[in-house]
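The values are calculated or read from the model by the stated rules, or taken from the named source; none is laboratory data. These numbers come from a predicted model, not from an experiment. Please note: Cβ atoms are built from the backbone with ideal geometry, for glycine as well, and neighbour counts cover all protein chains shown.
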Amino acid sequence: MTIYTQSSKKGSKNNMDMKDLPQTEKAFEALEAALKDFQGVLQNKKNALLQQRQSYKNNMSEKNKQIDDMKAVVAKVLDKTTKVVQKIDMVLKEDGSSNSNN
């Protein structure tokens, strides 16, 4: 890696190779390694969040299915209850003891 520095003279540039600055080179290498590690950590976090999101979607789908099933059961119970009530009303009307308040 080459670093370009500007000297105090206007417009003159000095070329410095990173080999001339061993501490700086080590610092850049450490920074580069840290950035790669950080990128890996971010990718792992992203993957974990995507899995969690998918799990929530699957869970929500299952919960919605359970709610729909429960609604269907309640609808069947209400339908059967209505039919029983209608049959009871018919028996009471035939018997003549039907309550006119129904």
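Tabulated data
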quantity	calculated
Residue under evaluation Asn101, criteria (1) under 28 Å from the mean Cα position of the chain (by Cα); (2) modelled with pLDDT under 90, criterion not met	(1)
Given (1) modelled with pLDDT under 90; (2) surrounded by 10 or more Cβ atoms within 10 Å (Cβ to Cβ), index of the condition Ala75 fails	(1)
